[in-house]
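> Just passing along the structure, written as C-alpha cells.
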Amino acid sequence: MIDKTVPSLEAAVQGLDDGMVVMVGGFGDSGTPHELLNAVLERGCRDLTIISNNAGDGDRGIAALILHHRVRKVICSFPTTAHNHAVREAVERGEVELELRPQGTLAECIRAGGAGLGGVLTPTGLDTELAEGKPVYELDGRRYVVERPLRADFALVRGWRADRWGNVVYRYAQQNFNPLMAMAGRCTVVQVDHVHEVGEIDPMHVHTPGIFVDRVVRVEREVRR
Amino acid sequence: MSATRGWTEAEIARRVLADLWEGAYVNLGIGMPLLLNELLTPEMGIILHSENGILGMGPAPPPDRRDDDIVDAGKAHVTLIPGASVFHSADSFAMLRGGHLDVALLGAYQVSMRGDLANWKRPGQRIAGVGGAADISVGARRVWVMMRHLTRDGEPRLVRECTFPLTARGVVRRVYTDMAVVDVTPEGLRLAELAPGYTVADVVAATDAPLAVPESVGG
C-alpha cells in the first residue's frame with residue numbers, strides 16, 4: 001500500500017543536508033511551512049540556498065535559519081518586509097548572497113524547473129537593472145529576458161489536506177508558490193493540517209497530484225483563524 | 001501648501017475611481033492605491049486582483065473574522081467577495097503579464113515623460129524588494145500611477161528621465177497627483193485635469209518635463 005505519510009517532522013526532513021537548495025512555499029505567513037522550517041533548524045544543516053518569495057520575518061521561519069547562520073544564499077522577490085532585519089543584516093555583513101527575481105519571474109522559473117523546460121522568456125525587467133547580466137533573446141520582433149529554471153533538492157510545502165498518496169488540497173490563498181514548488185523539488189515534503197485515506201479527497205478538488213509529492217506530515221496547529 | 005488647495009489622498013482615490021468601470025479587473029499596489037479598496041462597493045462591479053493569488057478581494061474583515069490564508073499583497077487580512085477565486089502564483093502572474101488585467105494602480109517614486117516607472121528602489125539602496133511590481137507594470141493593459149506631485153523636499157516626481165532605478169520602461173499611461181491628472185502620450189506629458197486651487201503655471205512649475213496643455217484644461 002502506498003503511504004507517503006511520515007510519523008514526525010524529523011522524519012519529514014531526513015536527508016536534507018549541508019549545501020542543499022531548498023524551496024520554501026508561502027507568501028508572508030500564508031502557506032508558509034513554519035513547522036518544517038523549525039525541523040530544518042533543529043536538524044542543524046548549513047550552507048543552504050533558500051528559494052522563497054520572502055526571506056522570513058522577525059526571528060521566525062527563514063529569518064531564524066539566517067540568524068543561526070545556516071543560509072548561504074537567498075533567491076527571492078521581496079526580502080524587505082517591515083520586520084525582517086535578519087536577511088538585511090546578513091547580506092550587509094556579506095554572509096548571505098541575495099539574488100532578486102521579480103515575483104512573476106520567480107514563479108515561472110520554478111514552474112519551468114518542475115516542468116522540464118530550459119528557461120523562461122519574459123518581458124519583465126527588460127532594460128532595467130533587474131535583468132542585469134541576463135541574456136536577452138529576440139523572437140518575432142520582440143525582446144525578452146532569458147531566465148534560468150529553478151529546481152531544488154528539497155521543496156517544503158504547506159497544504160491543508162492530503163491523502164496517503166500525496167494528493168494535496170490548499171486552503172484559499174495558501175496556494176501561492178506551494179503547488180509550483182511541489183513540482184520542482186527532487187524531494188517534496190508537504191505539511192498539512194489533515195491527512196485522509198485514499199479516496200476521501202474528490203479527484204476534482206486535487207490541486208497538487210500525488211506524483212509530485214514524496215512525503216506528507218501532519219502538523220497539529222494552534223488554530224489561528 | 002494650504003489644506004484648501006489640491007486633492008487629498010482620499011480625493012485622489014475618488015478621482016481614480018471615476019475612471020474605472022463595471023467589470024474592470026484591477027490590481028492595487030501598496031500605498032496610496034490601497035485607499036480604493038475602502039471606496040469600492042459590490043454594486044460598482046470592480047474586481048480586485050491580489051498578486052498572491054486572489055481575484056475578487058474584498059475589504060478588511062472585523063478582527064474576529066480574520067483568516068491567515070486570506071491576505072493581500074501587503075500581507076494584511078482581507079476578505080473574499082461572492083464570485084471570488086483563488087489560484088497559485090504562476091496563474092496569478094499569467095493574468096498580469098499576459099495582458100488580462102485592465103488596470104494596475106501603482107505608487108511611484110518617479111515617472112518619466114516617456115512613461116518609465118521607478119517604484120521599487122531608491123538610488124544607492126543596497127537591499128530592496130521588487131515583489132510583483134515589474135511583472136504588473138509590463139503586463140497590465142493600463143498602468144496608472146497615484147503619487148504626490150512633489151517629494152517632501154519639493155522635487156518634481158514627473159521628470160524627463162528617472163534618476164531612480166527603473167521598474168519598467170514606457171509603461172505608465174496616466175498619473176494622478178494632488179495637483180493634477182497627467183496623461184503620458186507618445187508625444188510626452190499632457191495635462192488632463194487640474195486639482196482645485198492650482199493653475200496651469202503651478203503644475204508646469206512642479207513638473208520637470210515639457211507639459212502639453214490642451215485648451216480644454218486652460219492652455
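> Restricting to segment A:48-64, name every residue that is buried (at least 21 other Cβ atoms within 10 Å of the Cβ), part of a loop (DSSP other than H, G, I, E, B) and small (Gly, Ala, Ser).
Scanning segment A:48-64 gives A:52, A:55, A:56, A:61.
> For segment B:85-112, enumerate the residues that are within 9 Å of chain A (Cβ to nearest Cβ) and either over 20 Å from residue A:178 (Cα atoms) or within 18 Å of the chain's Cα centre (by Cα) (or both).
Hits for segment B:85-112 are B:93, B:96, B:97.
> So, one more: Between residues in segment B:163-177 that are in a loop (DSSP other than H, G, I, E, B) and residues that are polar (S, T, N, Q), which pairs lie under 6 Å by C-beta distance while being six or more apart or on different chains?
Note: pairs meeting the criteria are B:164/B:110; B:166/A:128; B:167/B:119; B:167/B:137; B:171/B:137.
Okay, residues lined up against (1) basic (Lys, Arg); (2) facing another protein chain (nearest Cβ under 10 Å); (3) more than 12 Å from residue A:159 (Cβ to Cβ):
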position: A:196; (1), (2), (3): no, no, no
position: A:207; (1), (2), (3): no, yes, no
position: A:214; (1), (2), (3): no, no, yes
position: A:217; (1), (2), (3): no, no, no
position: A:220; (1), (2), (3): no, no, yes
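> If you don't mind, there's one more thing I want to ask. Looking at segment A:6-60, which of its residues are farther than 13 Å from residue A:177 by Cβ and among the polar types (S, T, N, Q)?
A:8, A:14, A:38, A:49
> Sticking with this structure for a sec: Could you list, in sequence order, the residues of segment A:81-95 that are in a loop (DSSP other than H, G, I, E, B) and surrounded by fewer than 22 Cβ atoms within 10 Å (Cβ to Cβ)?
Within segment A:81-95, A:81, A:82, A:83, A:93, A:94, A:95 meet the criteria.
> For segment A:105-159, name all the residues that are among the hydrophobic types (A, V, I, L, M, F, W, C) and in a strand (DSSP E or B).
Correct list: A:120, A:121, A:136, A:139, A:145, A:146, A:152, A:154, A:155, A:156, A:157.
> Inspect all residues belonging to segment B:123-136 and state whether any of them is more than 9 Å from chain A (Cβ to nearest Cβ) and touching a strand residue (DSSP E or B) at 6+ places or on another chain (Cβ under 9 Å).
There is no residue in segment B:123-136 that is more than 9 Å from chain A (Cβ to nearest Cβ) and touching a strand residue (DSSP E or B) at 6+ places or on another chain (Cβ under 9 Å).
> Right, something else. Of everything in segment A:169-209, what is assigned to a helix (DSSP H, G or I) and surrounded by 20 or more Cβ atoms within 10 Å (Cβ to Cβ)? Give them in sequence order.
A:173, A:174, A:178, A:179, A:180, A:181, A:182, A:183, A:184
> Same structure again: Residue A:129 - would you say it is out of contact with any helix residue (DSSP H, G or I) (no Cβ under 8 Å at 6 or more places or on another chain), within 12 Å of another protein chain (Cβ to nearest Cβ) and surrounded by fewer than 19 Cβ atoms within 10 Å (Cβ to Cβ)?
Taking the combined requirement at face value, the residue satisfies it.
> Say whether the condition of being assigned to a loop (DSSP other than H, G, I, E, B), aliphatic (A, V, I, L, M), over 27 Å from residue A:77 (Cα atoms) and modelled with pLDDT of 95 or more is met by at least one residue in segment B:201-209.
Scanning segment B:201-209 turns up at least one residue that is assigned to a loop (DSSP other than H, G, I, E, B), aliphatic (A, V, I, L, M), over 27 Å from residue A:77 (Cα atoms) and modelled with pLDDT of 95 or more.
> Let me ask something else. Just for strands (runs of 3 or more DSSP E) wholly inside segment B:23-66: which have at least 1 residues that are within 11 Å of chain A (Cβ to nearest Cβ) and of a type in the set (Gly, Ala, Ser)?
B:47-50
> Can you go through B:213, B:171, B:143 and tell me which one is more than 14 Å from every other protein chain (Cβ to nearest Cβ) and β-branched (Val, Ile, Thr)?
B:213
> Moving to a separate point now. Answer with yes or no whether residue B:197 is part of a loop (DSSP other than H, G, I, E, B) and more than 28 Å from residue B:30 (Cβ to Cβ).
Here the answer is yes, as residue B:197 does meet what is asked.
> Is it the case, given these coordinates, that residue A:55 is touching a residue at least 24 places away in the same chain (Cβ under 8 Å) and touching an Asp or Glu at 6+ places or on another chain (Cβ under 8 Å)?
It is false that residue A:55 is touching a residue at least 24 places away in the same chain (Cβ under 8 Å) and touching an Asp or Glu at 6+ places or on another chain (Cβ under 8 Å).
> So which residues in segment B:198-218 are under 17 Å from residue B:114 (Cα atoms) and of a type in the set (Asp, Glu), if there are any at all?
Passing the criteria: only B:208.
The values are calculated or read from the model by the stated rules, or taken from the named source; none is laboratory data. Small disclaimer: the values here were computed from a predicted structure and weren't measured. Ideal geometry is used to build each Cβ from the backbone, glycine not excepted, and the neighbour counts take in all protein chains shown.
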